[in-house]
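This report concerns only the one structure given below.
Nothing in this text is a laboratory measurement; each read-out follows from the coordinates by a stated rule. Note that the structure is predicted; figures quoted are calculated from it, not measured. Positions of Cβ are backbone-derived with ideal geometry, glycine not excepted, and every protein chain shown enters the neighbour counts.
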Amino acid sequence: MFGNKNRFQLLLVSVTAFLQVILFSGCTKYNKNTGHKIFKYNESAGITTLDPAFARDQAHIWVCNQLYNGLVQLDDSLNVKPSIAKSWDISEDGKTYTFHLRDDVVFYKDISLKNRTRKVTAKDFEYSFKRLTNPETASPGAWVFNMVNKTDGKYDFYAINDSTFQIKLKHPFPPFLGILTMQYCSVIPKESVDYYGKDFRKHPVGTGPFYLKKWEENIKMVLRKNPDYFEKKGEKQLPLIDGVSITFLIDKMTAFMEFMKGNLDMISGITPQYKDELLTRKGTLRKKYQGKFKLLTMPYLNTEYLGILVDTTLKKVKNSPLRIKKVRQAINYGFDRKKMIKFLRNGIGTPGNKGIIPKGLPGYNPKGKYGYYYDPDKSRKLLSEAGFSKQKPLPALTLTTTPEYLDIIKFIQSQLKEVGITININISPAAAVREMKANSKVEFFRASWIADYPDAENYLSLFTSDNFAPKGPNYTHFANDKYDSLYSVATNTYNNKKRVKIYKEMDSLMIEESPVVILYYDKVIRFVQNNIKGMQANPINLLNLKVIEKSDN
């Protein structure tokens with residue numbers, strides 16, 4: 001990875017010079033008052049659907065959060081707040097949830113609704129949830145209702161009347177309200193799905209603060225303010241801006257340049273091309289950019305990892321050296337996470353030396369006697385115990401990643417080579433990697449998991465045998481009877497202290513088996529133009545645009 005140092009330095013000099021021209025040439029002139037306040041951001045990962053049943057990653061969650069609502073929602077402090085449900089009751093045994101709906105929420109006008117708005121009723125939630133769990137929908141979010149009770153094979157969620165909706169669980173499950181904040185649980189009208197069929201993905205009909213005005217796939221998407229939206233901020237009707245414009249520039253450096261010219265209002269995350277230009281090694285904004293735009297950062301409930309397909313019933317895994325636990329453990333010991341964070345992430349993040357539960361959630365156990373630290377000698381020893389040596393080297397492994405993580409993967413490749421592990425890198429677009437993971441077409445891949453709701457169960461459920469992809473998020477196909485048993489006990493335990501203790505045991509068991517290689521626990525980082533008011537960062541990096549304001553300068 002260090003062989004390209006001179007080329008990188010030349011690139012950095014070029015980038016720096018370009019930025020200086022931009023910064024001191026009055027780049028804010030673009031923002032003249034055109035009569036419309038449009039928030040502009042880029043989505044390099046692309047968007048393939050606007051159907052909330054398929055909102056399984058950040059790109060789709062962000063846009064669906066602008067188009068739809070559910071029963072409840074999260075605020076920036078991850079508290080569950082009312083949305084379409086104005087209030088709710090939970091039975092004493094913790095198993096029955098009764099939601100009382102607002103009477104002023106409507107689906108926005110659409111040809112499928114005869115170009116009229118229509119009031120949302122409890123029957124709409126019944127339909128939306130049935131559709132989500134219907135195998136024919138093939139939603140990756142069907143798992144969110146695994147804890148809902150069934151009667152005669154049918155889920156126990158139903159409309160009691162137009163304004164009352166009830167859900168019955170198999171057992172008490174404290175994180176359940178948080179689960180209902182996920183975009184999977186958005187309400188949609190049956191008439192629109194019937195009218196558009198499979199094309200509902202590009203003709204969304206919801207209740208959200210914005211509606212789809214235009215979508216040129218892979219080029220641009222435009223959302224407009226919903227004039228019939230039901231929420232207010234004080235006396236002000238939401239949303240506070242007129243619309244949202246989303247571009248799909250794949251190259252993040254190009255998007256960064258557009259931000260510096262003022263053509264984008266925000267960029268999220270940090271990439272190798274501009275991290276040293278913007279940030280110090282301590283993760284703070286460099287002095288020359290202070291006052292030019294705002295830096296928002298906070299701990300992020302996001303675990304970055306390498307996933308390993310371990311299902312030996314699959315042909316590609318039967319003869320793979322990755323099926324051997326000691327090989328997977330050797331990879332875990334074979335690279336220096338602290339060095340990786342310092343030099344490749346400019347201090348943004350915490351080295352992933354423990355399990356899948358990230359820093360910031362109960363269950364994260366920094367003092368736990370499990371996890372992996374850099375120990376190349378131990379890595380070599382494990383390879384030897386697995387039957388590999390200089391005379392019989394480990395076959396080369398192929399690791400699939402997206403372009404923006406190439407620097408990290410090359411760093412890992414370089415360090416693993418020193419212990420006898422050869423890595424070939426396959427670079428694919430984000431959408432392609434998502435599909436390969438979901439359909440078990442790749443056995444070694446970079447991935448991440450952003451919390452859908454603030455409970456460690458959200459991470460631990462990734463490794464239950466009931467959640468094998470594609471019907472669930474278990475992309476590794478890890479299966480362990482003891483782990484499944486502990487999961488069942490944890491989700492039936494209402495006492496938080498006892499449940500967290502079980503979470504820690506599950507985390508320890510899973511990381512010992514090593515279906516994943518934890519890289520780091522992330523931080524939210526957003527660069528925002530100075531004329532954007534009201535934007536906040538939050539620990540799940542949810543983009544909430546209904547409350548922001550945009551001034552002319």
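General remarks:
- Proximal aspartates and glutamates relative to Lys109, as straight alpha-carbon distance under 15 Å, when same-chain residues fewer than 8 apart are discounted: Glu191, Asp228
- Ordering of 295-303, 220-228 by packing is 295-303, 220-228, highest average first (other Cβ atoms within 10 Å, averaged per residue).
- Scanning the chain for long hydrophobic helices, with DSSP H runs required to stretch 18 angstrom or more by C-alpha along their axis and to average at least 0.5 on the Kyte-Doolittle scale, returns 5-23.
- With both labels modelled 7 Å from their Cα along Cα-to-Cβ, the Thr98 to Lys497 distance reads 3.3 nm.
- The dipole here belongs to region 300-523: it is taken about the Cα centre, uses +1 on the Cβ of Lys and Arg and -1 on the Cβ of Asp and Glu, and is about 580 debye.
- Against the rule of thumb 2.2 N^0.38 Å, how large the Cα Rg of region 300-523 comes out: 0.97
- Calculated FRET efficiency, Thr280 to Thr164, Cβ-Cβ distance, R0 = 51 Å: about 0.40 to the nearest 0.05.
- Here each label is just a point 7 Å from Cα along the line to Cβ, and for Ser91 and Tyr373 those points are 5.0 nm apart.
- Dipole size of the chain about its Cα centre, with +1 on Lys/Arg Cβ and -1 on Asp/Glu Cβ: approximately 1620 debye, rounded to the nearest 20.
- Cα shape, the chain, gyration tensor, a/c 1.5 rule: oblate
- Remark: the Asn530-Asn319 segment gains 70.4 nm on full extension, using 0.36 nm per residue and subtracting the alpha carbon distance.
- Zone residues, region 470-495, relative to Asp156, backbone N less than 16 Å from point 7 Å out along Cα-to-Cβ: 492
- Taking Tyr195, Tyr373 and counting other C-beta atoms within 10 Å, the order from fewest to most: Tyr373, Tyr195
- Filter on Lys220/Lys533; Lys86/Lys354; Lys294/Lys504; Lys37/Lys292; Lys40/Lys168; Lys232/Lys497 - keep pairs with C-alpha separation over 31 Å: Lys86/Lys354; Lys294/Lys504; Lys40/Lys168; Lys232/Lys497
- Residue exposure proxy: His60, His100, ordered by other Cβ atoms within 10 angstrom of their Cβ from fewest to most, comes out as His100, His60.
- Take every DSSP beta bridge whose two residues both sit in the chain; close to 80 percent of them are antiparallel.
- For region 344-486, relative contact order (Cα pairs under 8 Å, six or more residues apart, normalised by length) works out to 20 percent.
- Stretching Lys202 away from Lys417 to a fully extended chain increases their span by 72.8 nm, per 0.36 nm per residue minus the current alpha-carbon distance.
- Paramagnetic reach from Lys232 (point 7 Å along Cα→Cβ, amide N under 19 Å) across region 521-553: 546-549
- Region 300-523 - share of DSSP beta bridges that are antiparallel (%, nearest 5): 65 percent
- Fewest-first ordering of Tyr68, Tyr196 by other beta carbons within 10 Å of each residue's beta carbon gives Tyr196, Tyr68.
- Rounded if a/c under 1.5, otherwise prolate or oblate - region 46-159, Cα gyration tensor axes: rounded
- The length gained on full extension between Lys441 and Lys119, counted as 0.36 nm times the residue separation minus their Cα-Cα distance, comes to 111.6 nm.
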